[in-house]
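Written out below as structure tokens is the structure these notes cover.
The values are calculated or read from the model by the stated rules, or taken from the named source; none is laboratory data. Bear in mind the structure is a predicted one, so any value in this text is a computation, not a measurement. We place every Cβ from the backbone using ideal geometry, glycine too, and count neighbours over all the protein chains shown.
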Number of protein chains: 2
Amino acid sequence: MTATSSTSSPPTARRRRKNDPESVRADILAVATREFSEKGLSGARIDEIAEKTRASKRMIYYYFRDKESLYLHTLEAAYQKVRLQETELELDHLAPLEALSRLVRFTFCHHAKNPDFIRLVMIENIHHGRFLAQSELIQSLNAGVIDALADVYARGVESGCFREGLDPRELHWLISALSFFNVSNQHTFSRIFDWKQAAPENQQKLEDHVTDMVMRYVRTDEALR
Amino acid sequence: MTATSSTSSPPTARRRRKNDPESVRADILAVATREFSEKGLSGARIDEIAEKTRASKRMIYYYFRDKESLYLHTLEAAYQKVRLQETELELDHLAPLEALSRLVRFTFCHHAKNPDFIRLVMIENIHHGRFLAQSELIQSLNAGVIDALADVYARGVESGCFREGLDPRELHWLISALSFFNVSNQHTFSRIFDWKQAAPENQQKLEDHVTDMVMRYVRTDEALR
DNA sequence: GACTGAACGTACCATTTCGTACATTGTTAA
DNA sequence: TTAACAATGTACGAAATGGTACGTTCAGTC
């Protein structure tokens, strides 16, 4: 999350000391992430977070002022972590069809591997995005996502394999929807339709469906081969 | 929600009476639906539900035992209401292409018009579908949805306008994903990408995208006209 | 070595919140 | 009419919960 890793690792630069505030802060944030993503803002308990932390309740208020502020920091940290992972993806050297297909698969898998993040976003939506609205940080983080997709799409249109007239933002919406739902509604969907959605073979099926669906939507008929 | 309508309407059959338990029950359920869908299971307050009801807190416990049981009844009532609305849709007399397109548009609009239901499902997923699992009622309600889609799909395959090999359940998953996300993530998506997703013209765009996307995915190339 | 501010522990307080005890009124069947 | 039971109002209890007062220890500075 921050500079020093999770446990009481040796302080980066200066001489060692017993107090390790950065590590304490990071530890609180890690525990808070688990608790909030599991139980929501109102469901999570400060006392329980305190218990699961190496620190005490006093420290939570010392570093994060109050419960809502802690929640906001949790949300910001989650977005930061996720957007950081997304920069790993390098699409520039790939042909448009390959690049888009890869982008979709990456998004799908990425969401699947980060249920905590998805749940925090769900919870934030339950709160009408009220906390996200307070964060300039998160707003600024997300421009890049659309840019990468816009670039791939523009290249595809130019080379004739993607059809014209699509808005990258709306395209991103479609990809997000399919990838997000896979995590967000896994429990109800599995239970209602008696279908082990989380099973690897079904996850693979869904990933293929989603990718295929997006590709069919974007590419021209000529590109159908 | 139940037989008698919301306010103190005349009791259906027998002679009139001052006590109107069915109406009280329905009123509590209606208020609870608003409160739970707005604030979640842990966020909703029994005292607040009681205040907003014509009845008192005592009545809530009289009819619904405890908070979790009230929540479960709320969830069940929501599913019942929604599945009831869905039966309005009559697809049998339509050609497969028309029927599927109509089904998708209906699902999209239906979700958009029932945000309370969507939010309850989100909340239930936050709880890992733990309450839904307790309800035999909800399980039984949902078979029909897949059946209707399976029928349309089978007719489409037979008439050559739909390609073979798709699973109706997975198809339903894709349609649900796109329709659900439109409501569930409206707040965060709008805020992050500075896009008024709820605006009528954008809702229309998304409905068209979603419908078009599903149709392109299902139909054969020959059906492209 | 004394001083200062940051980092931290313990105990506690005020409210909130779920749930219930108890008393009362309405309704129906005999 | 009245016994019996369903429906409802009022007041309260006990635990949980967010937040704080107050005191102590650590680490760098003069």
Fill in the blank from the handout: Of the residues in the range A:174-197, those that are more than 7 Å from chain B (Cβ to nearest Cβ), over 26 Å from B:Arg163 (Cα atoms) and not β-branched (Val, Ile, Thr) come to A:Gln186
Problem - Enumeration of residues in the range A:20-51 that are closer than 24 Å to B:Gly129 by Cα and either more than 12 Å from DNA strand D (Cβ to nearest atom) or more than 14 Å from chain B (Cβ to nearest Cβ) (or both) - result: A:Val31, A:Ala32, A:Thr33, A:Arg34, A:Ser37, A:Glu38, A:Ile49
Practice task
Out of A:Ile175, A:Ile138, report the one residue that is in contact (Cβ under 8 Å) with a residue 24 or more places away in the chain, under 20 Å from A:Arg105 (Cα atoms) and either of a type in the set (Val, Ile, Thr) or not in a helix (DSSP H, G or I) (or both).
Solution key: A:Ile175
Fill in the blank from the handout: Checked the range B:66-97 for anything more than 8 Å from DNA strand C (Cβ to nearest atom) and within 14 Å of chain A (Cβ to nearest Cβ); matches are B:Tyr71, B:Leu72, B:Leu75, B:Glu76, B:Ala78, B:Tyr79, B:Gln80, B:Val82, B:Arg83, B:Glu86
Handout entry: Residue in the range B:154-173 that is farthest from the other protein chains (Cβ to nearest Cβ), counting only those that are within 22 Å of the chain's Cα centre (by Cα) and surrounded by 22 or more Cβ atoms within 10 Å (Cβ to Cβ)
Key = B:Leu171
Exercise for the section: Please tell me if A:Glu207 is assigned by TED's automatic domain parsing to the domain that holds A:Thr107, crowded, with 16+ Cβ neighbours inside 10 Å and among the acidic types (Asp, Glu). Expected result: yes
Handout entry: Contacts under 7 angstrom Cβ, first residue in the range B:45-64 being among the acidic types (Asp, Glu), partner more than 9 Å from DNA strand D (Cβ to nearest atom) and at pLDDT 95 or above, 6 or more apart
Key = B:Glu48/B:Glu35
Problem - Residue in the range A:27-38 that is in contact with a His (Cβ under 8 Å, 6 or more places away or on another chain) and either within 14 Å of DNA strand C (Cβ to nearest atom) or of a type in the set (Ser, Thr, Tyr) (or both) present - result: yes
Completion exercise
The condition of being outside any helix (DSSP H, G or I), closer than 16 Å to A:Ala77 by Cβ and at pLDDT below 95 holds, among A:Ala3, A:Ala13, only for A:Ala3
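Rundown of residues vs (1) free of Cβ contacts under 8 Å to residues at least 60 places away in the same chain; (2) within 30 Å of A:Ala133 (Cα to Cα), yes/no style:
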{"residue": "B:Gly144", "(1), (2)": "no, no"}
{"residue": "B:Trp195", "(1), (2)": "yes, yes"}
{"residue": "B:Pro200", "(1), (2)": "yes, yes"}
{"residue": "B:Met213", "(1), (2)": "yes, no"}
Completion exercise
Given (1) modelled with pLDDT of 95 or more; (2) surrounded by fewer than 16 Cβ atoms within 10 Å (Cβ to Cβ), A:Leu97 misses just (2)
Problem - Hits in the range A:51-66 - residues which are buried (at least 18 other Cβ atoms within 10 Å of the Cβ) and modelled with pLDDT of 95 or more - result: A:Thr53, A:Ile60, A:Phe64
Practice task
Output the residues belonging to the range B:47-65 that are closer than 19 Å to B:Pro21 by Cβ and within 10 Å of DNA strand C (Cβ to nearest atom).
Solution key: B:Ile49, B:Ala50, B:Ser56, B:Lys57, B:Arg58, B:Met59, B:Ile60, B:Tyr61, B:Tyr62, B:Phe64, B:Arg65
